Structures are given as C-alpha cells and as structure tokens.
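Notes for the one structure printed next.
The values are calculated or read from the model by the stated rules, or taken from the named source; none is laboratory data. Since the model is a prediction, treat every value here as computed from it, not as a measurement. Cβ atoms come from the backbone with ideal geometry, glycine included; neighbour counts cover every protein chain shown.
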Amino acid sequence: MFHMAWFVGGGISVHDWRGPWSGHIADEWMKPDLYLDLARSAERAGFDYVMLEDGQFVPDAYTGVPDWFLETPWMVPKNDPMPLVPLIGQATSHIGIVATMTTSFYPPFMAARLAATLDQLTAGRVGLNIVTAHNDRAAQNFGLDRHYEHDLRYEMADEWMEVADKLWHSWAPGAVIRDVAHKRFAEPALVRTIDHVGRFFKCRGPLNTVPGPQIRPVICQAGGSPAGRNFAARHADTILARFRTVDDARDFRDDIRHLMVGHGRDPDACKILFMMSAIVDETDEGASERKQHFADTAEQRIGHKLAYMSYASGVDFSKFDLDQPVPPITTNAAQATTRALTAAPGARTLREVVSDPGTGGFDFCGSAETVARQMRDVSASIGGDGFLVSNAPTRRAIAEITDGLAPVLKRLGLTRREYAPGVFRSNLLAF
C-alpha cells in the first residue's frame with residue numbers, strides 16, 4: 001500500500017481562474033468553501049493529508065516588476081493558511097492538515113504556541129510544512145536587505161526546530177492533573193523553562209499552553225538541496241519530493257533513508273511522497289485527447305513557465321534568448337526547484353524547456369484503472385511511500401481524483417480503506 005496527499009500549490013489564492021472548471025474562483029478564492037470541499041473529498045478517499053503552500057511577498061523577479069504576477073494572477077494574492085486549519089478540522093474527522101511555516105521569519109515561540117493551539121483545536125491532526133523561505137522580497141518584508149545565505153538558512157532552521165521541540169516538551173507528561181477536589185489544574189514541578197541560548201535564538205519558555213494531542217506536530221519538509229535533505233532526514237515525518245524518473249526518485253529515497261540512519265532515526269519513520277499529476281477520464285482515449293490538447297497549447301504557457309523559473313530562482317528569465325540553451329543559473333533561492341524547472345528530457349534550448357508540458361513530477365494519464373496501475377508500478381519500482389497530487393484544485397479535478405481514481409486504488413488494495421484510530425502521526429505511520 002502507499003500513502004496519498006494533496007498539495008495545494010499557491011496556497012490560499014486564485015487557482016486556475018480562467019479555467020473552464022474553476023467556478024467563481026476570482027470572487028471566492030479567499031473563502032473556505034473550495035478547501036473544505038477538497039479536504040472532505042480527500043478524507044473520503046483515504047488521503048493522509050492536505051498540504052497548504054504559502055509565501056509572504058509579491059513576486060517581481062520576472063521582468064523586474066510585479067505586473068505579470070498581479071495580472072495573471074499567480075502567487076498573489078495569497079492569504080495566510082493558518083486560520084483555515086481549524087475550519088478544515090471542524091469539517092473533517094481524520095485527515096491531516098499541513099500548513100506552511102517559515103523558520104526564517106516566525107519566532108520559534110510564536111510558532112510552537114500556534115502549532116500547539118491548532119493541534120488542540122483539531123484533536124491532533126496538524127502538521128507544519130517547514131520551509132526556510134527563498135526570496136529576497138520576503139526577507140525585505142521582515143527587515144532584511146537580502147535573504148540569509150542558502151545553507152545558513154538550514155543551520156538556523158535546525159536550531160529553530162530544537163527550540164520548538166523543547167517548547168513542545170516544556171510541559172512534561174502528567175503536568176496537567178485537573179484535580180478539582182484539591183483545586184490543582186497543573187503540577188508546577190512538571191512545567192519547566194527551557195532556557196535556550198544558542199547561535200540564532202534565545203528563548204526562556206515554557207510554552208504558556210498545554211501541548212497538543214501529538215505533542216510535536218507532524219513535520220513536513222521539501223528541501224531537495226544537500227542542506228535541505230540533511231534537515232529533512234533529521235526532522236521530517238513526511239517529505240515532498242519532485243522527480244520525473246523512477247531512477248531519480250529511488251536515488252533520492254535511498255539518500256534520505258541513509259541520512260536518517262546517520263541521525264539515529266528509523267528510515268521507516270518518515271514517509272516520502274512524490275509529486276504527481278493525473279489526467280483521469282472515462283477512457284484512455286479521452287484522457288489522451290486532453291493530454292494532447294494540453295501539449296498542443298504549450299506555446300501559450302511559455303510566459304507562465306518563465307515566470308515560474310524566475311519566481312523560484314530570483315533570476316529574470318525574460319532576458320534570455322528562447323532559442324539558446326538555458327544559461328548556467330546560480331541562485332540563493334530555491335535551488336532544487338530551479339534545477340527541476342530548467343531541465344526537460346531531450347531539451348536543447350530554453351524554448352524547448354518551457355514548452356515541455358510536464359509538471360516536473362510523475363504525470364499519469366488514462367482511465368482510473370490505467371492511472372491506478374501506472375501508480376502501482378511506479379511505486380513498486382521506487383520502493384517509495386506514496387504520492388502527492390499537485391493538480392490545481394478545481395472541483396472537476398477533485399472529483400476525478402477522489403471519486404474516480406481513489407476508489408480504484410482502494411479496490412486494488414493500494415491505499416487504505418479506513419483510518420486507524422488516533423492522531424495524524426499514527427495514521428501516517430500505520431504502514
């Protein structure tokens with residue numbers, strides 16, 4: 001069996017606003033309804049979690065001004081995902097809810113307190129997608145001229161996690177006694193300061209709220225660089241990975257598991273989910289026609305791909321000649337994502353790269369039966385833990401995946417039929 005989750009790329013934003021199945025997204029993107037529909041459907045399908053991406057800046061790397069991003073709109077406007085977490089928790093009963101949080105700009109005390117609060121509100125179903133943020137524009141919103149150097153960000157994140165872990169454990173087991181007869185709610189001796197003084201952070205503690213049911217929320221991570229991989233191997237309970245080939249995905253999984261052993265962790269204690277998209281139709285022929293139409297219209301999306309490359313790298317790709325090879329890119333931003341975006345099988349020029357219709361992950365296509373068997377074969381070849389759906393969350397896509405594909409996955413014994421009792425982490429580690 002393998003695990004399934006849904007990645008809401010772009011976070012709480014205007015998804016596919018001119019698409020034929022996007023409803024009234026331009027007017028309703030900030031409302032919770034679409035995300036509640038997604039979470040309910042994903043829970044019905046037996047998914048482990050929904051993950052909400054986030055960012056804290058208005059992009060302007062493409063062409064040097066924010067016009068394209070504002071007019072499209074893409075990555076802006078974008079709302080904070082944290083207030084949506086308890087709403088999803090109220091609308092569902094089992095599925096995990098992972099929201100993105102940056103270690104570069106969130107003080108660890110504020111983050112640990114917020115996560116504990118949300119874990120309480122959702123009865124133990126919260127996860128944090130821990131990122132270091134990648135853009136200078138985000139850094140400038142928090143008082144910096146430039147963002148911290150790439151590997152330094154991960155050194156900071158390591159200590160950030162250390163502080164957060166201490167805070168989540170600053171109330172020892174048994175600290176809350178609720179002794180009405182003796183008028184004692186908590187045992188003071190079991191609530192302790194953490195007195196952390198480190199290279200980047202200083203925090204007295206303890207947390208001024210009780211731990212959530214999980215104590216430590218599920219930690220999700222997506223770093224693909226050497227520093228990101230090492231951080232994930234040390235801290236993550238689940239990892240987002242994007243690769244186009246089975247060999248690359250298998251190599252990544254083997255590397256993470258090797259690094260986990262080096263950190264004294266059981267490699268099975270972290271589930272690696274590989275990004276995927278799926279075109280699911282009633283027949284293979286119908287799905288192939290939709291895929292071909294998407295490929296035939298790739299030229300219309302060149303600007304979008306260039307903008308995405310610029311967003312990830314901080315380098316303005318509008319200035320490069322489309323009919324020349326992709327120039328060497330050095331970036332302090334999202335290094336692994338930039339590498340993935342600037343490569344395409346057989347591509348020799350930038351035009352060929354940006355015309356490639358692939359998502360950079362595994363792209364499946366066919367009837368529900370066909371896609372399910374493709375996924376089965378890929379998972380078996382990788383030896384991996386599962387998949388993370390990256391389709392834009394239109395209601396059509398949600399239905400095709402959760403009501404079309406998911407029942408076939410269950411029938412073939414590839415995904416869970418029901419949730420195990422307990423919190424998010426216990427379901428994630430159930431197999």
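General observations
- Some residue of the range 343-350 being at pLDDT below 90, crowded, with 17+ Cβ neighbours inside 10 Å and over 20 Å from the mean Cα position of the chain (by Cα): yes
- Residues that are loosely packed, with under 14 Cβ neighbours inside 10 Å and not in a helix (DSSP H, G or I), drawn from the range 286-324: 297, 321, 323, 324
- Residue within the range 413-425 that is without any contact (Cβ under 8 Å) to a residue 24 or more places away in the chain, farther than 18 Å from residue 279 by Cα and part of a helix (DSSP H, G or I) present: no
- Residue 80 touching a residue at least 60 places away in the same chain (Cβ under 8 Å), acidic (Asp, Glu), closer than 29 Å to residue 152 by Cα and touching an Asp or Glu at 6+ places or on another chain (Cβ under 8 Å): yes
- Of all residues in the range 239-285 being in contact (Cβ under 8 Å) with a residue 40 or more places away in the chain, of a type in the set (D, E, K, R) and surrounded by 15 or more Cβ atoms within 10 Å (Cβ to Cβ), the one that is farthest from residue 1 (Cα to Cα): 281
- Residue match in the range 198-211 (condition: over 30 Å from residue 389 (Cα atoms), outside any helix (DSSP H, G or I), among the hydroxyl-bearing types (Ser, Thr, Tyr) and modelled with pLDDT of 95 or more): yes
- Counting only helices (runs of 4 or more DSSP H) that fall entirely inside the range 1-79 and contain at least 1 residues that are in contact with a strand residue (DSSP E or B) (Cβ under 9 Å, 6 or more places away or on another chain), the qualifying elements are 33-44.
- For residue 332, the stated conditions hold: it is in contact (Cβ under 8 Å) with a residue 60 or more places away in the chain, within 28 Å of residue 149 (Cα to Cα) and surrounded by fewer than 19 Cβ atoms within 10 Å (Cβ to Cβ).
- The residues of the range 132-150 that are part of a loop (DSSP other than H, G, I, E, B) and of a type in the set (D, E, K, R), listed by number, are 145, 146, 149.
- Pick from the range 124-169, criterion charged (D, E, K, R) and buried (at least 20 other Cβ atoms within 10 Å of the Cβ), ranking: farthest from residue 7 (Cα to Cα): 166
- Selection from the range 349-402 of residues that are among the β-branched types (Val, Ile, Thr), under 22 Å from residue 282 (Cβ atoms) and in a helix (DSSP H, G or I): 370, 371, 398, 401, 402
- Within the range 396-409, residues that are of a type in the set (Ser, Thr, Tyr) have Cβ atoms under 8 Å from residues that are buried (at least 19 other Cβ atoms within 10 Å of the Cβ) and not in a helix (DSSP H, G or I) in these pairs: 402/45; 402/47, counting only partners at least 6 apart in sequence or on another chain.
- Residues that are free of Cβ contacts under 8 Å to residues at least 12 places away in the same chain and at positive phi, drawn from the range 154-187: 178, 183
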